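Some notes on the structure that comes next.
Just so you know, all these numbers are worked out from the coordinates, no wet-lab data involved. Bear in mind that the values here come from a model prediction, so they are computed numbers and not experimental data. Here the Cβ positions follow ideal geometry from the backbone for every residue, glycine too, while neighbour counts run over all protein chains shown.
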Amino acid sequence: DFRFADEKVGNITLLQLSTHTSGLPRLPGNMGPDPDSNPDPYALYDLEKMKEFLGKLALKGKPPHEASYSNLGVGLLGEMLALVHGTPWDVLVKEKVTGPLGMKDTVMVPDEDLRKRLAPPYHGDAPGHSWTFRAMAGAGALRSTAADLMIFGQAMIEPEKTPIADAIRDMMRVHAPYPGVGGDIGLGILIGRLDGDRDYMHTGGTGGYRTAFQVIPAKKSVRVILINNDNLPAEALLRAVREEKKPEVTGEVTLTEKELDAFTGIYEMGPTARFTVLRHGSVLRARLTGQPFFPVKPMGNDRFRYDVVPAELQFAREGGTVKSLTLFQNGRELPAARTEDALPVILFPAAADLAAYTGEYELAPGKILTITVKGGTAYAQLTGQPALPIFQTKPDYFELDVVKAALEFHRAEVGEVNGLTLHQSGKHKARKR
């Protein structure tokens, strides 16, 4: 029995949950403090806690929203399907999908024989911790094998040869745009284009594991990456097995600073992915959310080339004004529309100047913020989390673009950096160790 303070939550459809257009957050807010650092974040999260969170939640706007990935949404989808059918979610998956397709090794709870074959989880060089799921099982509780996922991929290539052809075709049909990934989404599966061919893929990770799954029907290709280490990015391995088509190298053209200014701006791919394009002197620099600024060189016809990676940016004009860009990289074309947002003021200090900020800063016992410099960009890494680039916006003050946070560094009387303040949900001071 669900009760909602906001009727918009109660009106969310199964389709919106499947396409991540419900407007629900990535994770529920009552999972406990810092669930991303919890070695088993879903273990105590049951249906009653899910009901409690949804009952108090207020949505901004009415669904469907622009697609944004939600573990909560997929977990809720599994619970709703189980309630509608009166069958536990994992049993329902076996009855409707894995059983008809003959995927005998795809289960939520492995039996004794399967447990002997289960690859142990790792976190880097250390043993990892498998996650335990209750109400959020739909978000990642299944265990599987490469052989079973090949069966599933083959079923997507030739659905007519399966007993669930209509369901597979419906899953593979575009149900909503997904600007954040530069493509679309079917029923849970991401849909894009790779080297001109339509591809279907999904990646994911739970405690101690990372996975990637890709199907390209036109090439009769199924790619499966299963890794028992959550420090290794499965997406990178998926890109590595692609036959690289090197871009045709053309000569550079020279543009004036005024001509370069025509391309500066904020270009949005989705709610969590943006390009920031700035001019620094006579060089155009581009940053995708979560990455450093990289110089891009003009090739003519509003096209620019990266030197650090095989990628290009093609800008497009309307009525003479630049309105959008498209990133060409790894066989994909990812569009981004120009916004009216103001450009940030970014300083680009020399690596030698950034070195003054490097070191370890203790925010709390066991919580160390480490500042490093790589390739002319400063990075901040909190214990147990990935390193994120930080950008200087004024003297001794750096901002992050992935989250709303800033670092203000402090100096001793002699001028050496001896501490910082983290501005994120308040002020948190730390001395340099």
Whole number please: convex hull volume per residue, Cα atoms of region 335-383, in Å³. 146
Separation in nanometres of the label points that stand 7 Å from Cα toward Cβ, at E52 and R169: 4.6
Mind jotting down the distance between the C-alpha centroids of region 346-424 and region 121-157, whole Å? 36
Taking the Cβ of M50 as the center, what net charge do the other residues with Cβ under 10 Å away carry, scoring Lys and Arg +1 and Asp and Glu -1? -1
When Rg is the radius of gyration of the Cα atoms in region 7-240 and Rh is its Kirkwood radius, what does Rg/Rh come to? 0.94
Taking Rh as the Kirkwood radius computed over C-alpha pairs, what is the Stokes-Einstein D of region 203-281 at 20 °C in a medium of viscosity 1.002 mPa s, expressed in µm² per second? 128
Counting only helical runs of four or more DSSP H residues, what would the 222 nm mean residue ellipticity of the chain come to if each run contributes -39,500 (n - 2.57) and the total is spread over all its residues? -5000 deg cm²/dmol
If you take every residue apart from F315 with its C-beta less than 14 Å away from the C-beta of F315, what net charge results, scoring Lys and Arg +1 and Asp and Glu -1? +1
Mean separation of Cα pairs under 8 Å and 6+ residues apart, divided by the residue count of the chain: what relative contact order is that in percent? 9
Could you check which residue among V93, V222, V309 shows the biggest mean-square fluctuation in a GNM of the chain with a 10 Å Cα cutoff? V309
Between rounded, prolate and oblate, where does region 257-338 land on the alpha carbon gyration tensor, with a ≥ b ≥ c its root eigenvalues, rounded for a/c under 1.5, else prolate if a/b exceeds b/c? rounded
Length gained if D1 through E112 is fully extended, taking 0.36 nm per residue and subtracting the Cα-Cα distance, is 36.4 nm
What trypsin sites (Lys or Arg not before Pro) does region 148-192 have in DSSP loop regions with at most 12 other beta carbons within 10 Å? R173
Coarse-grained scattering of region 209-368 at q = 0.18, 0.20 Å⁻¹, given as base-10 log I(q)/I(0) from a Debye sum over alpha-carbon atoms: -1.19, -1.29
Only sites in a loop by DSSP and with at most 11 other Cβ atoms within 10 Å count here; which GluC sites (Glu not before Pro) in region 389-433 make the cut? E413, E416
In units of 2.2 N^0.38 Å, the Cα radius of gyration of region 351-432 is 1.00
What order do you get for H20, H175 when you list them from fewest to most C-beta neighbours inside 10 Å? H175, H20
So if we plug the beta-carbon distance of A351 and T393 into 1/(1 + (r/R0)^6) with R0 = 30 Å, what FRET efficiency do we get, rounded to 0.05? 0.95
Among (i) 87, 58, 41; (ii) 67, 53, 46; (iii) 65, 59, 45, the entry matching Cα extents along the principal axes in Å as calculated here is (ii)
Cα point-scatterer Debye curve for region 279-420, base-10 log of I(q)/I(0) at q = 0.10, 0.12, 0.13, 0.15 Å⁻¹: -0.43, -0.60, -0.69, -0.86
Here, GluC sites (Glu not before Pro) of region 280-335 satisfying both criteria (DSSP loop; at most 16 other Cβ within 10 Å) are none
Could you pull out every one of the lysines with an alpha carbon less than 25 Å from that of K51, ignoring same-chain neighbours closer than 8 positions? K8, K60, K62
Under 10 Å, Cα contacts only: if you run a Gaussian network model on the chain, which one of D230, D105, D125 comes out with the highest mean-square fluctuation? D125
